[in-house]
Amino acid sequence: MALRFFNTYSRELEEFEPRDPAARRIGIYTCGPTVYSRAHIGNFRAYIFEDLLQRHLELRGYKVHRVMNITDVDDKTIRGAREAKVPLAKFTAQFKEAFFEDVEILRIKRANEFPAATDHRYIDRMIQMIAMLISRGLAYQADDKSVYFRINEFPNYGKLAHFDLAQLQSTGRVKHDEYDKEHIGDFALWKAWDEEDGDVKWDSPWGPGRPGWHIECSAMATALLGDQIDIHCGGVDNIFPHHEAEIAQSEGVTGKKFVRYWLHCAHLLVDGQKMAKSLGNLYSVPDILAKGYTGRELRYALMRVHYRVPLNFTWEGMNEARESLGRVDDWLARLRETAGEKIDKEKNMTQPGQQFEEALDDDLNISAALGFLFESIRKTNRAMDRGELDSASANSWLNWWERINSVLSLPAGIQLRASLDMKGERQAVQIPAEIAELVRQREEARLAKDFRKSDELRDKLNALGWEARDTKDGQKITRRAGA
């Protein structure tokens with residue numbers, strides 16, 4: 001099956017044809033965090049979808065060059081720095097660090113570049129692009145000294161969001177980045193400095209100021225990926241005005257089609273409601289870990305629903321993710337045991353097929369792909385129950401798992417050995433959240449070959465009454481007797 005994606009621009013499923021099919025190189029731009037606070041799990045739902053996309057494309061033999069921007073100057077970041085009474089760079093640094101910590105916990109593959117909007121290289125490019133738009137009559141400086149894009153001079157404005165500008169009435173220009181459809185008007189490319197901006201400003205031909213949110217992405221995307229890119233991703237809330245503005249700015253400068261395929265991720269709800277601070281449901285990754293769950297379980301919970309379908313996050317869903325991963329772990333343990341058995345005679349057993357990969361070829365249909373995974377687990381478990389799966393077949397399934405797990409990126413689960421009471425009877429052991437987090441950190445250290453840190457974390461676990469042993473199947477965690 002050929003790769004197909006739903007293109008927001010055409011509102012159709014389209015066969016994927018990269019710009020450079022011979023070299024199989026793909027440029028992807030993904031909208032990253034605005035670092036005025038810690039990213040929440042709704043943000044990470046989109047980032048995990050983008051990670052799944054990249055990993056599947058690489059599984060299919062493509063060379064992916066992905067750029068994810070970091071918005072570290074806009075109204076929210078400036079307001080946050082002002083309220084905290086610290087410089088903008090210091091204010092945003094803490095949230096940049098937190099973002100990369102969460103990326104590691106969720107095993108999201110790092111982009112090739114994470115350009116920051118405040119980098120002088122990109123500020124210079126933004127100024128150059130704005131000057132070019134002015135020279136072409138697509139932008140102008142208004143009486144307030146800010147520079148705005150003339151949307152009426154760009155005939156294709158509105159085609160991504162699929163609305164007709166003639167049917168909408170402008171409510172006037174909006175100075176701030178935060179506006180919605182009823183405030184449609186000429187959007188800011190360069191914002192003239194005012195007292196609320198404090199020391200956040202750059203010199204430009206139009207006076208001191210700072211870039212608008214939209215021009216930041218156009219400048220960084222084209223600087224690193226060229227005038228035309230294969231795929232641009234983001235959440236559905238980015239379609240208008242942000243991505244609509246990106247198209248107008250970029251194509252207004254280059255005269256070329258900016259993006260071939262637009263892919264957008266649907267919203268994440270919490271217990272059927274939108275996330276909001278006032279509702280107390282704006283969860284971050286540490287919030288989920290504090291409840292005793294792992295990054296592996298959260299990754300699975302955020303990944304298992306098709307990206308274009310709204311995902312309803314619940315604690316029940318997190319428990320279901322834990323149970324599903326437990327099934328995978330048990331299955332893998334049985335396969336490894338069977339793979340190590342001596343072969344008496346070869347037995348006929350269905351070998352892994354391509355259904356998992358083919359499901360992802362169809363607009364990243366992760367729901368269908370996981371359905372095939374668990375149907376395969378059911379069938380192979382039955383075969384092992386009946387003694388009908390030989391070691392060669394077990395190895396084939398283990399190799400297949402390694403292949404598909406290059407896309408899923410679900411690390412081996414923590415294997416907890418049951419402790420024995422005084423009578424030698426097995427007792428269930430629950431891993432406290434603090435211990436689970438130390439085990440996770442130790443696993444990351446081992447993967448990074450930071451053995452000194454791994455040993456330090458092992459000592460911490462020992463001091464807390466837990467023993468960590470490294471095996472070919474991953475860490476085994478045992479609570480020491482009397483601890």
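The values are calculated or read from the model by the stated rules, or taken from the named source; none is laboratory data. Remember, predicted model here, so these are calculated numbers, not experimental data. Glycine gets a Cβ as well: all are built from the backbone with ideal geometry, and neighbour counts include every protein chain shown. Only protein heavy atoms, including side chains, enter the accessible area calculation; ligands, DNA and RNA are left aside. Shrake-Rupley method; radii C 1.70, N 1.55, O 1.52, S 1.80 Å.
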Furthest towards positive pole of dipole, T71, G185, S376, structure part the chain, Cβ charges
S376
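Once you charge only the Cβ atoms, +1 for Lys and Arg and -1 for Asp and Glu, what is the size of the charge dipole of the chain about its Cα centre, to the nearest 20 debye? Working shown, then result.
Details: 70 positive and 76 negative charges, 257 e Å.
Value, rounded to 20: 1240 debye.
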Förster-model FRET efficiency, 22 Å R0, F163 and V236, C-beta, rounded to 0.05
0.95
Which three numbers, in whole Å and largest first, are the semi-axes of the equivalent ellipsoid of segment 72-154 derived from its Cα gyration tensor as √(5λ)?
32, 19, 11
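Give, in nm to one decimal, the length gained when the segment between M132 and S278 is fully stretched (0.36 nm per residue of separation minus the Cα-Cα distance). Before the final figure, lay out each step's value.
Working: separation 146, 0.36 × 146 = 52.56 nm, distance 4.35 nm.
Roughly 48.2 nm would be gained on extension.
Any of K85/K257; K291/K453; K96/K291; K274/K379; K109/K291; K76/K274 with alpha carbons more than 32 Å apart? Name them for me.
Pairs exceeding the cut-off: K85/K257; K274/K379.
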Three principal axis extents, largest first, for the C-alpha atoms of segment 249-369, in Å?
69, 44, 21
Carbon and sulfur together cover what percent of the accessible area of segment 32-160 at a 1.4 Å probe radius?
46 percent
Among [x] 229; [y] 179; [z] 220, only one was calculated for this model; which label is it, if the read-out is volume of the Cα convex hull per residue in Å³?
[y]
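Could you list the trypsin sites (Lys or Arg not before Pro) in segment 227-266 that lie in coil according to DSSP, counting only those with at most 13 other Cβ atoms within 10 Å of their Cβ? Numbers along the way, then the final one.
Working: sites: K256, K257, R260; in loops: K256, K257.
Those that pass, being in a loop and sparsely packed, are K256.
Just to verify a number: FRET efficiency for L59 and E316, C-beta to C-beta distance, R0 = 45 Å, to 0.05?
On the way: r = 31 Å, r/R0 = 0.70.
The formula returns an efficiency of 0.90 here.
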Nearest-0.05 FRET efficiency for E104 and N152 at R0 = 56 Å, using Cβ-Cβ distance, is 0.75
Explain nothing, just compute: Karplus ³J(HN,Hα) = 6.51 cos²θ - 1.76 cosθ + 1.60, θ = phi - 60°, for every residue of segment 64-73 in order, whole Hz, x for Gly and Pro.
9, 10, 10, 10, 10, 7, 10, 8, 10, 8
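Might you tell me the accessible area per residue for segment 13-163, computed with a 1.4 Å probe and given in Å²?
Details: 6530 Å² over 151 residues.
On a per-residue basis, segment 13-163 sits at 43 Å².
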Distance in nm between label sites at R336 and E375, each 7 Å beyond Cα in the beta-carbon direction?
2.8 nm
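Per 0.36 nm of contour for each residue apart, how much would the distance between K257 and E17 grow if the chain were fully extended, relative to their Cα-Cα spacing? Let's see the in-between values first.
Values: separation 240, 0.36 × 240 = 86.40 nm, distance 1.45 nm.
Full-extension gain reported as 84.9 nm.
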Tell me, what ³J(HN,Hα) does each residue in segment 145-152 have, in order and in whole Hz, if you take phi through Karplus 6.51 cos²θ - 1.76 cosθ + 1.60 with θ = phi - 60° and put x for Gly and Pro?
6, 7, 10, 10, 8, 8, 5, 6
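Can you give the helix-only mean residue ellipticity at 222 nm for the chain, where every DSSP H stretch with n ≥ 4 adds -39500 (n - 2.57) and the sum goes over all residues, rounded to the nearest 500 deg cm²/dmol? Don't skip to the answer; put the middle values down first.
On the way: 14 runs with 200 residues, N = 483.
Computed mean residue ellipticity for the chain: -13500 deg cm²/dmol.
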At a 1.4 Å probe radius, which order do E444, E402, E195, E50 fall into by accessible area, largest first?
E195, E402, E444, E50
Rounded to the nearest 20 debye, what is the charge dipole size of segment 1-118 about its Cα centre when +1 sits on each Lys and Arg Cβ and -1 on each Asp and Glu Cβ?
160 debye
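Of all beta bridges DSSP finds with both residues in the chain, what is the antiparallel percent, to the nearest 5?
On the way: 25 of 49 bridges.
Close to 50 percent.
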